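The values are calculated or read from the model by the stated rules, or taken from the named source; none is laboratory data. For clarity, every value in this text was computed on a predicted model and none was experimentally measured. Glycine gets a Cβ as well: all are built from the backbone with ideal geometry, and neighbour counts include every protein chain shown.
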Amino acid sequence: MDNLHLRPATASDKEICYRIKQLSLKPYVNTIWGWDEMVQLKAHNDHFSRSATTIIIYKNKPIGYYELVETNAHFILKNILIENQFQNLGIGNFVMQLLIENANALEKSIQLKVFKVNGKAQKLYSKLGFNVVEITEYHLKMQKNFEAIT
């Protein structure tokens, strides 16, 4: 995809990531629990992992990020968030395809959780071959097993 690249997060990206999280997740969190700015900011500051975070740059502007944790057996996609105005441009799909290709090359599955109220994301993940493996009160846990490259 033209004008799109990825880079590892730096310490200065903590605030950018919070702004993107605020813009992307607030409607869903607000629907489920209500958005408490202080609680969300504290949780972000306590859990932001620069080493697990990759910034999505589009036309030289940070417009999203994802957090990916690797274990021996699989990858865990903690978040993939893209600012609302940059959604529906194929960016999320493109980034997910890259993650899937990388996981397949390493023969690992990818696991993620998506809010039950986020039908748009569920549709994308299903289209990409993710299956629901667990249902909790607020989330669907989905997984895509690696596909051997022949």
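Structure notes:
- Complete set of residues in the range 59-116 that are of a type in the set (Asp, Glu) and farther than 23 Å from residue 26 by Cα: 70, 101, 107
- In the range 22-62, the residues that are under 22 Å from residue 99 (Cα atoms) and in contact with a strand residue (DSSP E or B) (Cβ under 6 Å, 6 or more places away or on another chain): 24, 52, 53, 54, 55, 56, 57, 58, 62
- Within the range 56-74, residues that are β-branched (Val, Ile, Thr) sit with their Cβ atoms under 7 Å from residues that are in a loop (DSSP other than H, G, I, E, B), at 6+ positions apart or across chains, in these pairs: 63/83.
- Residue count for the range 117-137, restricted to those that are in a loop (DSSP other than H, G, I, E, B) and touching a strand residue (DSSP E or B) at 6+ places or on another chain (Cβ under 6 Å): 2.
- Failed item in (1) under 23 Å from residue 6 (Cα atoms); (2) surrounded by 16 or more Cβ atoms within 10 Å (Cβ to Cβ), with residue 115 passing the rest: (1)
- Taken over the range 35-54, the residue count meeting the criterion of being in contact with an Asp or Glu (Cβ under 8 Å, 6 or more places away or on another chain), in a helix (DSSP H, G or I) and small (Gly, Ala, Ser) is 1.
- Take the conditions (1) among the charged types (D, E, K, R); (2) farther than 16 Å from residue 20 by Cβ; (3) at pLDDT 95 or above; residue 120 misses just one of them, which is (3).
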